[in-house]
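Comments concern the structure below.
Any read-out appearing in this document is the output of simple, stated calculations on the displayed coordinates, not a laboratory observation. Source: prediction; values computed, not measured. For neighbour counting, all protein chains shown are included, and Cβ atoms are generated from backbone atoms with ideal geometry for every residue, glycine included.
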Amino acid sequence: MDHGNDLRFDRGEQMPERFRRQTSRLLGMTAAQASRVAQSAFASVGAHRWHYGVLAALDESGPGSQSQIADRTGIYRSDLVATLNELVEGGHIERSPDPSDKRRNIITMTETGRARLAELDRVTAGINEHILAPLDEAERERLFALLRRLNDHLSA
């Protein structure tokens, strides 16, 4: 059975109301569509969300080991290595031996990385604006507050 169509827009089709009102379904559909918007926007500038996550983490918390960056971003360590390799190839970060432990590397953002982060900040602002376009400022703040509350409740 193909479940690929489960995340399509709910266009008032003849779907049972109790199914259409299922919170997890609606949140899942919204998340999937928001993710597609973000993925497309990042791809248009040759990036992906993990590039943004790593650069933002380095900007906000400073240099760190791969393990620290994985913890800061929530990126699985297996995915992080490929992301770091891509960022090194682009000249956005540098790896250098940790002076206190030669077995690990310290990741540092370069000036090119700072410029890339500024570009990705603009992309992210556009993503957020596109996703939240139907909401006014008060509704956006309320949505964030409610989503944070739900997330905190479910992650407890």
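General observations
- For peptides 84-91, 133-140, sequence by mean Cβ density within 10 Å, most packed first: 84-91, 133-140
- The long axis of helix 111-132 is offset from the longest Cα principal axis of the chain by roughly 10 degrees.
- When you count the other C-beta atoms within 10 angstrom of each residue and take the mean per peptide, 71-83, 115-127 line up highest first as 115-127, 71-83.
- Relative packing of peptides 17-27, 60-70 - highest average C-beta neighbours within 10 Å first: 60-70, 17-27
- For region 25-67, the residues whose amide N sits under 13 Å from a probe point set 7 Å from the Cα of Val88 along the beta carbon direction are 66.
- Alpha carbon centroid spacing (whole Å) that separates region 93-155 from region 17-63: 10 Å
- Nearest 10 degrees, 0 to 90: helix 49-61 Cα axis against the chain principal axis: 60 degrees
- Cα extents for the chain along the principal axes, largest to smallest and rounded to whole angstrom: 62, 33, 29.
- Two-site FRET efficiency, Ser40 against Ala156, from Cβ-Cβ distance with R₀ of 25 Å, rounded to 0.05: 0.15
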